[in-house]
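Structure first, then comments.
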Amino acid sequence: MPLLDQWKAAKTKFEAATGRKKPSEKFMGLFRKSSGVESAVKKLDAAIAKKLPKELATALDEYRKTHATYYATMVKGAKAEAGDENYQAELTKLNLTLNQIYREGEEAGQALEKDPKVLVTVQDAIGPDAVAALGRSQLLTYAALQGWLNAADAGTIVKEGEVGPEKMREPQSAAYHAGAKKAFAKAKGLYEVFNALLPRVMERGKALAAAETFITKLPDHVLGPSEDALQGAIGYWRNAQQEAFKTPDVTRDEARAEYETWSAKSTAFRHVTQLEPLWGNETRFQSDFRRALRARK
């Protein structure tokens, strides 16, 4: 039954049982002032019919405030008719109907929160916890990562001695650096696409599916030991740089010393040593985001 019909039926029963109109305030001491309840209930019915969660939330809040104001009027009416037990009992029933209308409005809102066909923005679909988690990601702003990606020596090593003072490009190091740039570009693309989706309106189920796709693909480009992932490519780059200093003509200690001397002067290495907190931060962000999505399903 529409909520408005419930309210009208409750008023009719009250007036039939008491022989009087429901309690109301006077306007300028002359006319009965509208309680505003009927208007608030109509808005609730309309919002429920439209299946718009935000509109329903607004209508519920308006109804709650209207009910609170009208309850004060009913309390005045109860005091004025303190000796009429029947009036008191019927007034209690009238207020119970008002409470029931609010509960049904709440239940309708809760149902909309789970309905996969309801049209919402992606941001509303994933919820405030996921939005907050998304904001905690530092991937696109982490200075050390940008420094390494842009470091001129990230794909080149300089060796002196048996090969002379020429610059030697270590093929693997260059390849890993280029691979990391590609991985970062893919991750950045995912972020940009998903952020652009946040204000888009679509069915809740599709919105959650888009968020799930984002958080499923993201680790493929950011975390993990794969050469196609940013973290893995940087790790392999570091190993390749160290291996490049090893030749049959030098001892292990000499190779290590030469490598350490070079890495201490390397801009790229300075950034790499600052990246560990980023991986931990992104792991936490992805975990929090997934947990928030699960709670919305």
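Where a number appears in this text, it was derived from the coordinates with a stated rule and is not lab data. For clarity, every value in this text was computed on a predicted model and none was experimentally measured. Positions of Cβ are backbone-derived with ideal geometry, glycine not excepted, and every protein chain shown enters the neighbour counts.
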Practice item. May I ask for the angle, rounded to the nearest 10°, between helix 85-114 and the longest principal axis of the chain, with both axes built from Cα atoms and the value confined to 0 to 90°? Key: 20 degrees
Practice item. Excluding residues on the same chain fewer than 8 positions from Lys43, give the aspartates and glutamates whose Cα lies under 16 Å from its Cα. Key: Asp5, Glu55, Asp61, Glu62, Glu104, Glu106, Glu107
Check your understanding: For the range 95-139, list residues with backbone N below 13 Å from a point placed 7 Å from the Cα of Glu203 toward its Cβ?
Key -> 115-120
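How would the range 3-114 be classified by its alpha-carbon gyration tensor: rounded, prolate or oblate, with rounded meaning a/c under 1.5 and the a/b versus b/c comparison settling the rest? Let's see the in-between values first.
Numbers: a/c = 2.48, a/b = 1.90, b/c = 1.30.
Cα axes put the range 3-114 in the prolate bin.
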Exercise for review: Please give the FRET efficiency for Thr141 paired with Thr12, using the beta carbon to beta carbon distance and R0 = 41 Å, rounded to the nearest 0.05.
Suggested key: 0.05
Point to revise | Normalised contact order of the range 3-114, rounded percent, pairs of Cα under 8 Å and 6 or more residues apart | key: 34 percent
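Using the 10 angstrom Cβ neighbour count as an exposure proxy, how do Met74, Met1, Met202 rank, fewest first?
Details: Met74 19, Met1 7, Met202 16.
So the ranking, lowest neighbour count to highest, is Met1, Met202, Met74.
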Point to revise | Within straight-line cross-link reach of Lys50, lysines at Cα separation under 16 Å, skipping those fewer than 8 residues along the same chain | key: Lys42, Lys114, Lys117
Review point. With axes computed from alpha carbons, what is the tilt in degrees of helix 252-265 against the longest principal axis of the chain, rounded to the nearest 10 within 0 to 90?
Key: 50 degrees
Check your understanding: Comparing Ala180, Ala196, Ala16, which has the greatest mean-square fluctuation in the GNM of the chain with Cα pairs linked when under 10 Å apart?
Key -> Ala16
Point to revise | Among Lys21, Lys206, Lys50, residue whose mean-square fluctuation peaks in a GNM of the chain (springs only between Cα atoms under 10 Å) | key: Lys21
Check your understanding: So how far apart, in nm, are the two label points at Arg256 and Lys54 if each is 7 Å from Cα heading toward Cβ?
Key -> 6.2 nm
Review point. Hey, what number do you get for the chain at 222 nm if only DSSP H runs of n ≥ 4 count, each worth -39500 (n - 2.57), divided across all residues, to the nearest 500?
Key: -24000 deg cm²/dmol
Review point. Of the labelled options [x] 6, 20, 28, 23, 11, 5, 3, 2, 1, 0; [y] 6, 20, 17, 13, 11, 10, 8, 7, 5, 3, 1, 0; [z] 5, 21, 26, 22, 16, 7, 2, 1, 0, 0, 0, which one gives P(r) over Cα pairs in 10 Å bins from 0, in percent as computed for this structure?
Key: [y]
Revision key, fill the gap. Looking only at aspartates and glutamates whose Cα falls under 17 Å of Lys11's and that sit 8 or more positions away or on another chain, we get Glu25, Glu38, Glu90
Practice item. Give me the distance between the Cα centres of the range 111-152 and the range 230-297, rounded to whole Å. Key: 25 Å
Exercise for review: Pairs of Cα atoms under 8 Å, at least six residues apart: use those to get the relative contact order of the chain, whole percent.
Suggested key: 20 percent
